[in-house]
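Heads up: the structure comes next, in structure tokens.
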Amino acid sequence: MSPIRVTKIRGTNQKSPHGIPIDLLDRLLIFTTQPYTDEDIRKILEIRCGEEDVEMNEEAKQLLTLIGRDTSLQSYPYLLTHHITAVALSCQKRKGKVAEVEDTQRVNRLFLVLGCQKIDAVPCGVSGSVYVQRSTESK
């Protein structure tokens, strides 16, 4: 990428990046996004598990799908990659062959505790399991 140069807009005394009028520049940069559906999240999860060679049972996949639904579109793919790797390590630590809900919950708690956020337990509906979610309240 080239550096952004603030130059004079032709025919005016105003300056803006690239010499493009600000309102036009704003319209060029705005695009709409839609949140992932549960099916999309599930497909992403299965692809990532395949790439990372991680076997996960259905309940753990369902739990990660729910976590993904509640996570922003921007951060979920990044979170998912590290989450799957950490879940696999948690499974190895307990000498398991298939990642389970307990592994996912443990890793999710670790991610959120390291984020120094207030933590609330929220029922997720997967066999009465609970996953941890950041509180929306500020400190």
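The values are calculated or read from the model by the stated rules, or taken from the named source; none is laboratory data. These numbers come from a predicted model, not from an experiment. We place every Cβ from the backbone using ideal geometry, glycine too, and count neighbours over all the protein chains shown. In case anyone asks, the SASA skips ligands and DNA or RNA and just uses the protein heavy atoms, side chains included. Shrake-Rupley method; radii C 1.70, N 1.55, O 1.52, S 1.80 Å.
Some observations on this one:
- Selection status of Arg48, under 20 Å from Thr85 (Cβ atoms) and open to solvent by 60 Å² or more (accessible area, probe 1.4 Å): yes
- Odd one out for Pro35, checked against (1) closer than 22 Å to Val98 by Cβ; (2) open to solvent by 70 Å² or more (accessible area, probe 1.4 Å): (1)
- Of all residues in segment 68-107 being within 16 Å of Glu46 (Cβ to Cβ) and open to solvent by less than 10 Å² (accessible area, probe 1.4 Å), the one that is modelled with the lowest pLDDT: Tyr76
- The set of residues in segment 22-44 that are β-branched (Val, Ile, Thr) and in a helix (DSSP H, G or I) comprises Ile22, Ile41, Ile44.
- Meets criteria (in the same structural domain as Arg5 (by the TED database) and either closer than 30 Å to Gly11 by Cα or not hydroxyl-bearing (Ser, Thr, Tyr) (or both)) for Arg106: no
- Residue in segment 12-28 that is within 19 Å of the chain's Cα centre (by Cα), open to solvent by 60 Å² or more (accessible area, probe 1.4 Å) and more than 25 Å from Ala86 (Cα to Cα) present: no
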